[in-house]
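Working notes, beginning with the structure itself.
The values are calculated or read from the model by the stated rules, or taken from the named source; none is laboratory data. Predicted model only: the values in this text are computed from it and were never measured. A quick note on method: Cβ atoms are made from the backbone with ideal geometry, for glycine too, and the neighbour counts reach across all protein chains shown. In case anyone asks, the SASA skips ligands and DNA or RNA and just uses the protein heavy atoms, side chains included. Shrake-Rupley method; radii C 1.70, N 1.55, O 1.52, S 1.80 Å.
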Amino acid sequence: MKVVVLGSGVIGTTSAWYLARAGHEVTVIDRQSGPALETSFANAGEVSFGYCSPWAAPGIPMKAVKWLMMEHAPLILRPKVDGAMIRWLVQMLSNCTSSRYAINKSRMLRLADYARQSLADLRAETGLTYDERMKGTLQLFRTQAQLDASAKDVKALKADGIPCELLDPDACIRVEPALARVRHKIVGGLQTPLDETGDCFKFTNNLARLAEGKGVTFRWNEEIRRIETLGDRVTGVVTDKGTLKADAVVVALGSWSPMMLAEHAIRLPVYPVKGYSLTIPINNPDLAPESTVMDESYKIAITRLGDRIRVGGMAEISGYNNILEPARRRTLEHSVTDLFPGGDMSQADFWSGLRPMTPDGTPVIGATHLKGLFLNTGHGTLGWTMSCGSGRLIADIVSGKTPDIDARDLAISRYRA
């Protein structure tokens, strides 16, 4: 088939790769000048197969109230007269129950584990490199309350067969030797050893080049106007440069996906949640993390990417706003310098991106009511983690094949159930 993929972030590019690998004629359209120049550009660098759970969880509403009053808050809410924001917040709150959390987490873990296998297969097949490391994630606890609360996470991880281990401060330092300088600040940690790290921007660009070698066409600097239909079937895509005919269209536009779908009576509950990052050159490797350290107090990930440290996190709900707020930079700097002192903040690059979040935390992958129209979006903070599994799934679904894992509860139809 002739398949058009809308968006060239990590989700769009992996979709294109697996569709081409399945034998389709694939074209990718993006308004940017190259791959991964928006949300995939400078994310936290975690590939978190184990550290993978919905934001909508029991107790989150009460925690959110406390966070909103913190100087270095992991959550920032800037309310406005925005129907989409209000609907999304209400739906998210409705998912903060034990039963909904269990359902949503099981979906996420199923997809994340499939993505882990798919990424390993892709590396073996292509030799792809992207400053990757396979040294796990260390969720670091500064208080006894955080350590005690981790018991439920350990139980959930073990129930899903995901290796994990609670560590005392000495064991944390064996995993991350640079933490020896701040041992007095550590109560313990939770390690998920199967987690990985890597530069999402490098990965996406390198995969895009491989995809071109498989015949994928990338059309850059092209504004997507609308998806063209005839009756109940997709026929193509209209851009500022003309109309491209297609047998199938995959929407992988992240936070902008709902606008593209609205005229087709598809209400996609995806809303942008802004995250921030700093990228800091490593001057002294002995003072840098080995892999990812998740600072539980501020929900900030500190990740080693080659000769750089990537510090990423926070959730700012403020609409389609990509302004760099100095207060968010101070929070990132506070977390990283408190645990890994010695970095030169004057050399740090400050960035923000809009994560496409669903109210239940689970991405939307699958067919729509329109024949030939498919969705691969709404991955929130886990697009990099879930990318290969999501791309492989959508390629099977578009091809009419039965996927390797059950993907029925990932489709848009779950919101009408």
**Asked** Which number in (1) aliphatic (A, V, I, L, M); (2) at pLDDT below 95; (3) buried (at least 24 other Cβ atoms within 10 Å of the Cβ) marks the one condition that MET357 misses?
**Response** (2)
**Message:** For the condition assigned to a strand (DSSP E or B), buried (at least 19 other Cβ atoms within 10 Å of the Cβ) and within 26 Å of the chain's Cα centre (by Cα), what is the one hit in GLY313, GLY236?
**Reply:** GLY313
**Prompt:** Residue check: is ASP170 assigned to a helix (DSSP H, G or I), over 29 Å from GLY378 (Cβ atoms) and open to solvent by 20 Å² or more (accessible area, probe 1.4 Å)?
**Reply:** yes
**Request:** Being among the aliphatic types (A, V, I, L, M) and either open to solvent by 60 Å² or more (accessible area, probe 1.4 Å) or free of Cβ contacts under 8 Å to residues at least 24 places away in the same chain (or both) is the filter here, so list the residues in the range 184-206 that pass it.
**Result:** LEU194
**Item:** Flag for LEU109 being at pLDDT below 95, touching a Cys at 6+ places or on another chain (Cβ under 7 Å) and not basic (Lys, Arg)
**Value:** yes
**Asked** Tell me, which residue of the range 239-252 that is closer than 25 Å to HIS369 by Cα and part of a strand (DSSP E or B) is most open to solvent (accessible area, probe 1.4 Å)?
**Response** LYS245
**Message:** Restricting to the range 273-305, give me the number of residues that are open to solvent by 10 Å² or more (accessible area, probe 1.4 Å), of a type in the set (Lys, Arg) and touching a Lys or Arg at 6+ places or on another chain (Cβ under 8 Å).
**Reply:** 1
**Request:** Please work out which residue is farthest from PHE218 (Cα to Cα), limiting yourself to the range 15-37 and to residues that are in a loop (DSSP other than H, G, I, E, B) and among the hydrophobic types (A, V, I, L, M, F, W, C).
**Result:** ALA22
**Request:** Name the single residue, out of those in the range 146-167 being buried (at least 19 other Cβ atoms within 10 Å of the Cβ) and part of a loop (DSSP other than H, G, I, E, B), that is modelled with the lowest pLDDT.
**Result:** ILE162
**Asked** Given ARG310, ARG267, which one is farther than 30 Å from THR197 by Cβ, charged (D, E, K, R) and in contact with a Leu (Cβ under 9 Å, 6 or more places away or on another chain)?
**Response** ARG267
**Of the criteria (1) among the acidic types (Asp, Glu); (2) surrounded by fewer than 18 Cβ atoms within 10 Å (Cβ to Cβ); (3) under 30 Å from ILE86 (Cβ atoms), which one ASP344 fails** = (3)
**Request:** Give the residue that is farthest from ALA149 (Cα to Cα), with candidates limited to residues of the range 207-233 that are in a strand (DSSP E or B) and open to solvent by 60 Å² or more (accessible area, probe 1.4 Å).
**Result:** LEU230
**Prompt:** Out of the range 35-53, which residues are over 22 Å from LEU190 (Cβ atoms) and either open to solvent by 10 Å² or more (accessible area, probe 1.4 Å) or of a type in the set (Phe, Trp, Tyr) (or both)?
**Reply:** PRO35, LEU37, GLU38, THR39, SER40, PHE41
